1. Tell me the Kirkwood radius of region 136-292: reciprocal of the mean inverse pair distance over distinct alpha-carbon atoms, in Å.
2. Assuming R0 = 22 Å, what is the FRET efficiency of I173 and K270, from their Cβ-Cβ distance, to the nearest 0.05?
3. Averaged over all directions, how much area does the convex hull of the C-alpha atoms of the chain cover when projected, in nm²?
4. Using the Kirkwood radius over Cα pairs, work out the Stokes-Einstein diffusion coefficient for region 175-225 at 25 °C and 0.890 mPa s, in µm²/s as a whole number.
5. When a/c is below 1.5 the answer is rounded, else prolate if a/b is larger than b/c, else oblate, so apply that to region 284-333 with a ≥ b ≥ c taken from the square roots of the Cα gyration tensor eigenvalues.
6. Would you please give the FRET efficiency between Q214 and L84, computed as 1/(1 + (r/R0)^6) with r the Cβ-Cβ distance and R0 = 25 Å, to the nearest 0.05?
7. If you build a Gaussian network model of the chain, linking Cα atoms that sit under 10 Å apart, which residue out of L322, L85, L313 swings the most?
8. Ordering W331, W32 from largest to smallest accessible area (1.4 angstrom probe), what's the sequence?
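The values are calculated or read from the model by the stated rules, or taken from the named source; none is laboratory data. Predicted model, so just to flag it, every value in this text is computed and none were measured. Reconstructed Cβ throughout: ideal geometry from the backbone, glycine too, with neighbour counts over all protein chains shown. Quick note on the areas: whole protein, heavy atoms, side chains included, nothing else; ligands and nucleic acids left out. Shrake-Rupley method; radii C 1.70, N 1.55, O 1.52, S 1.80 Å.
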Amino acid sequence: MAIKITGTGSALPEKIVTNFDMAELVETSDEWIRERTGIAERRISTGDTVSSLAAKACADALAMAGKAAEDVDLILVATCSPELLLPCCACQVQSSIGAHQAVAFDLNAACSGFLFALNTAYAYLQTGLYRNALIVGSEVLSKLIDWTDRSTCVLFGDGAGAAFMELSEEDEICENGRPVGIEGMVMGSDGAKGMVLACAERAVSNPYYQETEQVNSYVHMDGQEVYKFATRQVPACIKEALEQSNLTVDDVDLFVLHQANVRIIESVAKRLKADLSKFPMNLDRIGNMSSATIPVLLDELNRNGKIKKGDRLVLSGFGAGLTYGASILVWGA
Ligand code: ACO
């Protein structure tokens with residue numbers, strides 16, 4: 001049995017906002033943002049929504065896989081910024097692309113969301129309950145950001161990425177002897193540290209109770225705590241996933257990491273004693289799009305021919321929750 005990704009897709013808003021544009025909004029500079037984060041520009045929605053971006057990314061992934069929307073069994077959308085609380089974004093996507101047979105629901109693990117969706121879909125496919133799944137990370141974080149807070153507004157962007165996963169009954173062995181499919185995964189959550197990166201929704205309000213405390217409905221973050229968490233937890237969970245699969249860092253061809261900060265990625269590479277050239281990055285061009293960063297990068301690599309059959313990839317990320325995870329897969333498309 002092999003579970004493999006046979007199509008990828010992505011969608012980005014057209015509007016490019018550079019660090020110089022940011023410096024007109026808040027007291028910051030291109031130099032500060034590049035040096036501390038590696039980001040030069042990001043895409044910002046001028047009307048795109050989480051569901052419209054997700055639907056476009058899904059359509060591209062299906063086209064690459066050569067599958068019709070009506071053949072999709074499961075749609076999982078990872079997002080922390082849906083435009084509607086009800087219905088969920090996955091049902092909106094189902095309707096837009098015409099995947100009438102699919103079961104569709106959302107999950108929220110912030111920036112780890114796409115990984116959690118991948119691992120959840122893997123579990124469903126492995127049991128045989130579904131034969132394929134569209135997994136999506138889609139965000140319009142620009143509406144959750146306080147655009148007067150320089151410590152957060154420079155970090156984030158909007159976009160969506162998707163992957164189509166399929167189950168085949170037969171094992172598939174690549175020329176290099178590696179079996180196609182997902183080889184290992186680790187997921188973790190640390191809710192006790194949740195408030196270091198948080199964004200509130202509506203407070204309790206009904207005829208029997210009114211919350212009196214002011215709710216801050218913008219993202220607020222203790223950047224240094226998140227930084228410490230990421231640089232410790234990401235390499236630890238990658239090592240754990242590799243050990244579980246009897247693999248070492250040297251067995252990995254590419255590390256496709258959550259694109260939050262170049263310094264975090266460099267630190268992870270150092271802690272793993274892995275060559276930084278194995279860590280592709282696109283955060284300079286599109287910033288941190290939370291759950292969308294990993295699938296958008298995966299789609300870029302796939303479309304640019306940077307991933308070939310038999311390559312072993314580690315996907316890993318971290319985010320609000322706090323959550324973290326890693327998946328190891330041998331590319332089969
Ligand atoms: N421009 C200029 N100065 C700034 C800016 C800015 N955009 N933002 C903060 N500063 C100032 C601060 O006010 C502070 O000034 P002070 O010394 O006078 O008080 C100074 O820069 C240093 O601030 P720090 O917060 O200590 O800067 P740091 O080096 O920690 O960098 C950063 C901040 C980039 C946020 C870093 O902590 C980081 O990357 N953390 C991880 C964040 C992250 O990855 N978040 C997302 C993960 S989860 C998810 O993806 C949703």
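1. On the way: mean 1/r = 0.0536 Å⁻¹.
When all Cα pairs of region 136-292 are included, the Kirkwood radius is 18.6 Å.
2. On the way: r = 34 Å, r/R0 = 1.53.
That gives a FRET efficiency of 0.05.
3. On the way: hull surface 69.9 nm².
Reported value for the Cα convex hull: 17.5 nm².
4. Details: Rh = 15.5 Å.
It diffuses with D of about 158 µm²/s by this estimate.
5. On the way: a/c = 3.49, a/b = 1.41, b/c = 2.47.
Cα axes put region 284-333 in the oblate bin.
6. On the way: r = 25 Å, r/R0 = 0.99.
Taking R0 as 25 Å, the efficiency between Q214 and L84 is 0.50.
7. L85
8. W32, W331
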